[in-house]
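Participant: Sharing a structure with you now.
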Amino acid sequence: MKSTVEQLSPTRVRINVEVPFEELKPDFDRAYKALAQQVRIPGFRPGKAPAKLLEARLGRGAILEQVVNDVLPGRYSEAVMSNNLKVLGQPDIEITKIEDGQELAFTAEVDVRPEIELPDYSTLSVSVDPVSVDDDDIAEQLLSLRQRFGTLTGVERGVQDGDFVSIDLSATVDGEPVEEATASGLSHAVGSGQLIEGLDEALIGMEAGQSKDFTTKLLAGDHAGEDAVVTVTVQTVKERELPAEDDEFAQLASEFDTLDELKADLRERIERVKRVEQAGHIRDEVLEKLLETVEIPVPETVVQSEVDAQLHDAVHGFGHDEAQLNALLEAQGSSREEFDAETKEQAERSVKVQLLLDAIAEAEQTQVGQEELTERIVFQAQRYGMSPEQFIQQIQQANQLGAVFADVRRGKALASVVERVQVTDSDGTVIDTKELFGSPATGEASEADADDDAAAAEGETAVE
């Protein structure tokens, strides 16, 4: 077999393949054997009919067509391997010549990973905000802790921001009831904005037993994007009473004896969280710097596949009714054209990120151990509220285990770059990234491990 490659663009090639017929003899033998089992010819046991009789019964053309269809995938794969191509997606194959007894020729156009010239990472620099913990941070965490230990007490007054209410809701569109927008006995924290737009404003000042109408746009269901008149009825009003900030509360809410000890512990916890957040910001800034510095051609067919996948996910919640999606976009002050443009922009970025990180991983010879893969699977399973076993089964059924592996490898590749980039905070202080990320070369643990998904989250599995 002979194969040559034409570079059509930085991301697409045409493979020309020529196969002499003498190389197809084993394929013809397999085809005859399979057909002999299927075709009954008088005087011959199943599988024993000679090739000439099979050709006479079925026609040479039918047998030739089956052989060609059977050999194309294997010969295509052989050509890809012999030319060391890193292909993306499925090829467009066209048979250009079939000379029976002489030669089979075909072409395959397919997207490939582009050649990416990587920079000297030590010449790159990024800046992030410094880590600082002030009294407001501690007060906010202390308030959250007090709220957890607070008690709800019924009150006989109008609703105020921060109250907890039990309400009934009903809605009509053009005077017709909307069943999916009807509910009773809903618990709601006023000011949280967790239900429907306009509800919190309508509730302020209402007392138990009162009802009020307000107008809002429905965001889901058959009437998504339409104006609805919503009736809210308040059943109960409760306020949260918070425990005092004192040593007694510290003993109730923690293992500490005094409020000062509790505050000191909160300061340490906040600082750790902010250091992890800073690590995430550093990783994001380094990735942005790389995207600005490196030229990355993107294969249009891969981008379009990503766009199609995002659109499928977007309309899935609307029963795949694009009209409902369009109505929701309009209700949000957007349009389908803006949505499509933004989706394509996100898809192009996602593909660029993955191509870049794959190129870095290859250049750095990044390896992924079984323990690292297991940690990612466990993390992802928790994220989706599944057991690791269930998650593994699901990704195996969807043939996505390789995608998870690729995401872990990309995250490690980016971490290997971060330690070579000059990182400072906005005060000009140099940040030792090894303290945050560890050393990818040695596998040293880091404070940023808990946020490790950030590197791969830019575009999961658009490029395989």
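Participant: Being touching a residue at least 60 places away in the same chain (Cβ under 8 Å), crowded, with 17+ Cβ neighbours inside 10 Å and either of a type outside the set (Asp, Glu) or in contact with a helix residue (DSSP H, G or I) (Cβ under 9 Å, 6 or more places away or on another chain) (or both) is true for just one of Glu306, Glu330. Which residue is that?
Facilitator: Criteria check complete, one pass: Glu306.
For (1) touching a residue at least 24 places away in the same chain (Cβ under 8 Å); (2) touching a strand residue (DSSP E or B) at 6+ places or on another chain (Cβ under 9 Å), each residue gets a yes or a no:
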| residue | (1), (2) |
| --- | --- |
| Asp137 | yes, no |
| Glu140 | no, no |
| Gly154 | yes, yes |
| Gly162 | yes, yes |
| Leu203 | yes, yes |
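Participant: Also, I was wondering about something else. Applying the selection to region 219-245, what residues are of a type in the set (A, V, I, L, M, F, W, C) and in contact (Cβ under 8 Å) with a residue 60 or more places away in the chain?
Facilitator: The answer is Leu219, Ala220, Ala224, Val230, Val232, Val234, Val237, Leu242.
Participant: Being surrounded by 17 or more Cβ atoms within 10 Å (Cβ to Cβ) and part of a strand (DSSP E or B) is the filter here, so list the residues in region 108-126 that pass it.
Facilitator: Result: Ala108, Val110, Asp111, Val112, Val126.
Participant: Let me ask something else. For residues that are closer than 20 Å to Phe21 by Cα, in contact with a strand residue (DSSP E or B) (Cβ under 8 Å, 6 or more places away or on another chain) and either modelled with pLDDT under 60 or outside any helix (DSSP H, G or I) (or both), tally how many sit in region 39-95.
Facilitator: 3
Participant: Collect the residues in region 158-184 that are exposed (fewer than 15 other Cβ atoms within 10 Å of the Cβ) and of a type outside the set (Val, Ile, Thr), keeping them in residue-number order.
Facilitator: Scanning region 158-184 gives Gln160, Asp161, Gly162, Asp174, Gly175, Glu176, Pro177, Glu179, Glu180, Ala183, Ser184.
Participant: So, in region 257-300, of the ones that are more than 21 Å from the chain's Cα centre (by Cα), in contact (Cβ under 8 Å) with a residue 40 or more places away in the chain and not in a helix (DSSP H, G or I), which residue ends up surrounded by the fewest Cβ atoms within 10 Å (Cβ to Cβ)?
Facilitator: Only one residue fits best here, namely Glu295.
Participant: State yes or no: is Ser192 polar (S, T, N, Q), surrounded by fewer than 18 Cβ atoms within 10 Å (Cβ to Cβ) and under 35 Å from the mean Cα position of the chain (by Cα)?
Facilitator: yes
Participant: Given the conditions (1) farther than 21 Å from Arg146 by Cα; (2) in contact with a strand residue (DSSP E or B) (Cβ under 9 Å, 6 or more places away or on another chain), which single one is not true for Pro243?
Facilitator: Checking Pro243 against (1) farther than 21 Å from Arg146 by Cα; (2) in contact with a strand residue (DSSP E or B) (Cβ under 9 Å, 6 or more places away or on another chain), the one that fails is (1).
Participant: Which ones in region 130-178 are in a strand (DSSP E or B) and closer than 30 Å to Gly221 by Cβ?
Facilitator: Listed by number, the residues that qualify are Phe164, Val165, Ser166, Ile167, Asp168, Leu169, Ser170, Ala171, Thr172, Val173, Glu176, Pro177.
Participant: Another question, then. Within region 393-414, does at least one residue satisfy the condition of being of a type in the set (Asp, Glu) and at pLDDT 90 or above?
Facilitator: yes
Participant: Here's something else I'd like to know. Examine region 142-152 for a residue that is touching a helix residue (DSSP H, G or I) at 6+ places or on another chain (Cβ under 8 Å) and surrounded by fewer than 11 Cβ atoms within 10 Å (Cβ to Cβ), and state whether such a residue exists.
Facilitator: Looking for residues that are touching a helix residue (DSSP H, G or I) at 6+ places or on another chain (Cβ under 8 Å) and surrounded by fewer than 11 Cβ atoms within 10 Å (Cβ to Cβ), one finds at least one in region 142-152, hence yes.
The values are calculated or read from the model by the stated rules, or taken from the named source; none is laboratory data. As the structure is a computational prediction, the values presented were derived from the model and not from experiment. Cβ sites come from the backbone with ideal geometry, for glycine too, and all protein chains shown count toward neighbours.
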